[in-house]
Amino acid sequence: EAAKPILSVNNIEVIYDHVILVLKGVSLAVPKGGIVAILGANGAGKTTTLKAISNLLRAERGEVTKGSIEFDGERVDRKTPNELVRRGCIQVMEGRHCFGHLTIHENLLTGAFTRRDGKAAIKRDMEMVYDYFPRLRQRQGSMSGYTSGGEQQMCAIGRALMSRPKMILLDEPSMGLAPQIVEEIFEIVKDLNAKEGVSFLVAEQNTNMALKYATYAYILETGRVVMDGTAQMMRDNEDVKEFYLGVA
Ligand code: ATP
């Protein structure tokens with residue numbers, strides 16, 4: 001079906017420190033309600049692509065020097081990260097970035113900082129997050145720094161949910177986690193997508209896992225999209241099998 005894109009990235013170029021050209025004209029689209037994967041090796045430009053969308057490059061001395069980005073029907077490439085969050089687009093950074101000295105519950109509350117709709121609504125969403133992540137409910141009083149890697153990843157996604165996003169940019173959710181936990185997290189992503197209608201753009205080096213849950217994927221190599229297609233097509237493609245799935 002030809003769902004209208006909620007996100008479209010049109011031929012963007014990203015340069016770090018005024019000279020280092022890292023994205024060399026990347027285009028991609030995420031349909032409303034879709035789960036789309038960005039695949040590729042370490043250093044291919046996945047994180048840079050997500051940060052370009054959520055406008056988090058400035059802190060890294062990076063900037064989008066060409067192209068445009070549209071989210072939910074408007075140009076967003078000049079919006080601040082907070083403005084993007086308010087419009088419904090939020091990034092969960094690689095490495096989780098929970099506040100280690102705050103409890104899980106407090107971490108989740110920090111995710112509601114852009115909202116103006118009062119305590120009752122926030123409390124309701126907190127319950128929603130705990131319903132999706134029973135492990136977080138169990139651990140709500142624990143300092144996140146003392147919880148497991150999987151719980152911290154869940155906390156980071158839960159915190160993003162507290163901003164009531166239309167779309168989550170998820171950077172390498174599998175990093176450092178056991179396959180079983182990765183699967184558990186992707187199952188919840190699938191659920192959130194199906195039941196809450198949240199769209200996802202997921203950067204992953206774990207091609208196998210990403211292609212199991214995404215409907216569409218892009219492969220990045222040194223700052224360029226070298227292939228894109230449905231997850232099914234990718235799984236069946238001989239080159240993808242050889243270079244990214246480790247089966248020849
Ligand atoms: P990873 O899985 O390690 O996150 P990635 O595919 O997300 O890999 P990026 O982190 O986007 O790749 O990096 C793409 C390229 O940009 C790499 O060559 C990297 O060295 C370079 N790069 C990333 N951040 C900066 C920076 N702040 N300044 C200069 N170069 C950078």
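Quick rundown of the values:
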item: The chain: most fluctuating residue of Ser148, Ser163, Ser68 per GNM, C-alpha cutoff 10 Å; result: Ser148
item: Cβ-defined net charge surrounding Val198, 11 Å radius [Lys, Arg +1; Asp, Glu -1]; result: +3
item: Extended-chain gain in nm, criterion 0.36 nm per residue less alpha-carbon gap, Met175 and Lys32; result: 48.8 nm
item: FRET efficiency, Arg235 to Thr65 (Cβ-Cβ, R0 35 Å, nearest 0.05); result: 0.50
item: Simple spin-label estimate for Ala194 and Asp117 in nanometres, 7 Å along Cα-Cβ; result: 2.4
item: Selection from Ala120, Ile20, Cys89, by position along the positive dipole direction of the chain (Cβ); result: Ala120
item: Dipole of region 123-184, positive direction: furthest Cα of Leu169, Tyr130, Ile157, with charges on the beta-carbon; result: Tyr130
item: Sulfur and carbon atoms: percent of accessible area, the chain [1.4 Å]; result: 50
item: Net charge, Asn42 excluded, C-beta distance under 14 Å - Lys, Arg +1, Asp, Glu -1; result: -4
item: Full-extension gain in nm, Val19 to Met143, via 0.36 nm per residue minus C-alpha separation; result: 40.5 nm
item: Simple Cβ-charge dipole of region 1-126, Lys/Arg +1 and Asp/Glu -1, about Cα centre, in debye nearest 20; result: 300
item: C-alpha center-to-center spacing [region 52-110, region 147-195] in angstrom; result: 16
item: Highest-fluctuation residue, Ala231, Ala178, Ala194 considered, GNM on the chain with Cα pairs under 10 Å; result: Ala178
item: Distance in nm between pseudo-label sites at Glu221 and Arg75 (7 Å out along the Cβ direction from Cα); result: 3.4
item: Those trypsin sites (Lys or Arg not before Pro) in region 21-92 that DSSP places in a loop and that have at most 15 other beta carbons within 10 Å; result: Lys32, Arg61, Arg78
item: Residue-averaged [θ]222 nm for the chain, counting only DSSP H segments that reach four residues, each worth -39500 (n - 2.57); result: -10500 deg cm²/dmol
item: Of all DSSP beta bridges in the chain, antiparallel share, percent nearest 5; result: 60
item: Total charge dipole magnitude, region 147-248, about the Cα centre, Cβ charges on Lys, Arg, Asp, Glu only, Debye to nearest 20; result: 400
item: Å² per residue, accessible surface of the chain at 1.4 Å; result: 48
item: Only Lys, Arg (+1) and Asp, Glu (-1) charged, at Cβ; the chain dipole about Cα centre in debye; result: 920
item: Number of Lys pairs (Cα under 14 Å; 8 or more positions apart or on different chains) in region 1-151; result: 4
item: Region 83-131: C-alpha gyration tensor shape, a/c 1.5 cut-off, then a/b vs b/c; result: oblate
item: Choice from Val92, Val226, Val19 showing the highest fluctuation, given a GNM over the chain with Cα pairs closer than 10 Å; result: Val19
item: Neighbourhood charge, 12 Å Cβ-Cβ cut-off, centred on Phe133 and excluding it, Lys, Arg +1 and Asp, Glu -1; result: -2
item: Angle between the chain longest axis and helix 118-132 axis [Cα atoms, degrees, rounded to 10]; result: 70
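The values are calculated or read from the model by the stated rules, or taken from the named source; none is laboratory data. From a predicted model like this one, the values you see are computed outputs, not experimental measurements. Methodologically, a virtual Cβ is constructed for each residue, glycine included, from the backbone with ideal geometry; neighbour enumeration extends over all protein chains shown. We work out accessible area using only protein heavy atoms, side chains counted, and drop any ligands, DNA or RNA first. Shrake-Rupley method; radii C 1.70, N 1.55, O 1.52, S 1.80 Å.
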